[in-house]
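K.L.:
Handing you this structure, nothing more for now.
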Amino acid sequence: MRFVWAVAAFILAAVLIGVGFAQRAMPHGADTESVAVSAASDTPYTLIDGAVMSLLPGGQTLTVSGQNGVVVAYGRTADLTAWLADQEYSHAVVDETGAVTVTQVEPDADAIAETDPTDTEAAETDAAVARSPQGSDLWLAEYDDASQVEVSLQVPTSMSVLVASDGTLPAPEAIAITWEHDTSTPWAGPLIVLGGLFLIVGIVLYVLAIRHARRSTGPRRKAPPPLEATQPIDIADTAEDKGVIAATPSRRPAGKRALVIAPLVLVAPLVFSGCSADAWPDLNATPETTTTTAAVDASDQQQPAVTEAQAQQIIQRISETVAEADANLDATLAATRLDGAALAARQTNYTLRSSISDYAALAAIPSDSLQIILPQAYDDWPRTVLAVADTDQSSTMMMLTQQDAWSNYKLVYVGNLGASTELPALSPVYIGAAQVPPDSTFLSVTPDSVAAAYADILTNGTSSVYASLFDETSDAFSAEVASDRQDRLDQFNSTATDTGTLTFSAAAGTETPLALATLESGAIVAVTVNETDTVTPLDSDVVIKFDDNATVEALTGASESQTGVTSIFVDQLFFYVPAQGSTDLIRLLGYSSSILEAKVIP
């Protein structure tokens, strides 16, 4: 039976080693395969469809060369085609036969008119103004070089790649897509080693079988009778050697050592023959990842406006631009990344800082530690994104909007979250949220009514007819406003009670409210409220001097007034508004307040 097991081990060893060497010796063809893409004509852009990038399995290496500079960007196909709608471009696709074909796409006159409605000449000639693709917020990634871009990508069929020079000159013509074929044999090494082990086992079993056979088939002899008792024999030659018996050291037969060494000699070449890296499985390999948008099963679900990485990049760009504008008091630069109340507050701050040397700047826009990103799930425009960033001092909530495919995102609302603020449950970034219309009746209060209701609370306090709709325990801002107003009124009455009056009021701001739905069918709503402080003299003989108020003097450009002065503050407010029929109250999540303007009453 030992011989049977030995033979079985030899056969298994031969099979494993043979299969291992066969994998190594088998021809695997070329390591790479490439496809060249040529533009249909001298168009300024070339759009490579995701089906072309995924024509063969595996990652793609895109190589683009050009003498006029190279810009490569990729993103959702729908976003790219929208950005190119008013342009002439070459489109590389896979036809019905599986071949790559390139067609020329003409611009859409409606898209040209939408890009610049005032450019009637461009609309009539079907030619929009060329633009560079660099810096667009639509791209998931962007690469550029003076002469060549070579980049490894993982572009799925739902995305496409845009190639251009500067948007004016023809796009680079030398475009090649290369796929690497996997020619590794990760199981060749383990098979050879396993076969070597079975060979050793077979040899050991074979040797044991031979020993067992020899012992079981040799002649059987009777044992000799016991010897008679005798006296000890002295065999020493001299007295010094008496009792000492000399003997040569015993030696193991050479044949047995050879049998032990032989398997090692036989297996060593087999083991080391499969030691190259591609002959072994990569146990440290990590799954391939791509910067793609997660798929949504629902057929009617629209894609989120941005991915997480895209939102990080957009807010980083906004933060850098606003920081530069703050340093240079450049309102024009700030307007490229800010809009609405966020821009208005910055513009006023620049005016004050240019007139008052020690006037404080507004807080910087944070770009690190984004804890929450909630994009609107919408394939068209305008698009909205909510983000929350944590800093060492506080958490900042932001609302961003993108008006069309050719515009970058702008920050329109910004406010600080309270230390104990609890946000409602939100959808993950790869699903996004629906935008709630301003007049939606599915909330306890329509978004376009929230600002007016809260303004009434700021004016009338707990006696407001809307006070029962709002959660007083989460509203630290209204308490701050009430306390500040009382302090200022007490100070004013102590100095000018006989000469003038100080009154306060609040009203809904002019900015359009933005609302994104939460998982509980409620919404996070961003609005503005304008607070107005009015100082008026009691009679025409009284003159109000601004000597003690440099802010009013800088904004009005006057040092005194006989008619009075108004100061307007803009409050940027974020609320959680529950669904209609819910027993929850409206909660204030975050806020910021800045002076907006001051003017002399005519």
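Every number here is computed from the coordinates shown, using simple stated rules; none is lab data. As the structure is a computational prediction, the values presented were derived from the model and not from experiment. All Cβ positions, glycine included, derive from the backbone under ideal geometry; neighbour counts span all protein chains shown.
K.L.:
For the pair residue 363 and residue 194, how long in nm is the line joining their label points, each one 7 Å along Cα→Cβ?
P.N.:
Going from the residue 363 label point to the residue 194 one covers 6.1 nm.
K.L.:
Report the Cα centroid-to-centroid distance between the stretch 80-115 and the stretch 343-383 in angstrom, as an integer.
P.N.:
With the stretch 80-115 and the stretch 343-383 each reduced to a Cα centre, they are spaced 36 Å.
K.L.:
For residue 371 and residue 19, what does the FRET efficiency come to when R0 = 56 Å and r is the distance between their Cβ atoms, rounded to the nearest 0.05?
P.N.:
0.60
K.L.:
Starting from the Cα of residue 103, step 7 Å along the direction of its Cβ; do the same at residue 584; then give the gap between the two resulting points in nm.
P.N.:
Going from the residue 103 label point to the residue 584 one covers 4.9 nm.
K.L.:
Give me the net charge for the shell around residue 529: Cβ to Cβ below 11 angstrom, other residues only, Lys and Arg +1, Asp and Glu -1.
P.N.:
The answer is -4.
K.L.:
Taking amide hydrogens as modeled 1.01 Å from N in the peptide plane, which residues meet the under 5 Å criterion relative to residue 379, leaving out close sequence neighbours?
P.N.:
Correct list: 303.
K.L.:
Still on this structure, please answer the following. Evaluate E = 1/(1 + (r/R0)^6) for residue 459 and residue 392, where r is the Cβ-Cβ distance and R0 equals 41 Å; express this FRET efficiency to the nearest 0.05.
P.N.:
0.70
K.L.:
Gain in length, residue 543 to residue 599, computed as 0.36 nm per residue apart minus the alpha-carbon separation, to one decimal in nm?
P.N.:
Additional length available on full extension: 18.6 nm.
K.L.:
So what is the relative contact order of the stretch 32-180, in percent, for Cα pairs below 8 Å that sit 6 or more residues apart?
P.N.:
Reported relative contact order: 50 percent.
K.L.:
Would you give the gap between the C-alpha center of the stretch 484-533 and the C-alpha center of the stretch 584-598, rounded to a whole Å?
P.N.:
8
K.L.:
Which FRET efficiency value, to the nearest 0.05, do you get for residue 492 and residue 520 by plugging their Cβ-Cβ distance into 1/(1 + (r/R0)^6) with R0 = 35 Å?
P.N.:
Working: r = 45 Å, r/R0 = 1.28.
So the FRET efficiency works out to roughly 0.20.
K.L.:
So, one more: Taking the Cα centre of the stretch 29-119 as origin, sum charge times position over the Cβ atoms of Lys and Arg (+1) and Asp and Glu (-1), and report the length of that vector in debye to the nearest 20.
P.N.:
Its charge dipole is roughly 460 debye.
K.L.:
Over the Cα atoms of the stretch 308-600, Rg to Rh with Kirkwood Rh, two decimal places?
P.N.:
Radius of gyration over Kirkwood radius for the stretch 308-600 works out to 0.99.
K.L.:
Taking the inverse of the average 1/r across all pairs of different Cα atoms in the stretch 32-180, what Kirkwood radius in Å do you get?
P.N.:
15.4
K.L.:
Now a separate question. Under unit Cβ charges (Lys, Arg +1; Asp, Glu -1), what dipole magnitude, rounded to 20 debye, does the stretch 308-600 have relative to its Cα centre? Intermediate values should be presented prior to the final figure.
P.N.:
Values: 11 positive and 38 negative charges, 113 e Å.
Taking the Cα centre of the stretch 308-600 as origin, the dipole is about 540 debye.
K.L.:
What number comes out for the charge environment of residue 333, summing +1 per Lys or Arg and -1 per Asp or Glu over other residues with Cβ under 12 Å away?
P.N.:
-2
K.L.:
Residues with beta-carbon under 13 Å from that of residue 37, excluding residue 37: net charge, scoring Lys, Arg +1 and Asp, Glu -1?
P.N.:
On the way: positive: none; negative: 49, 173.
Residues close to residue 37 contribute a combined charge of -2.
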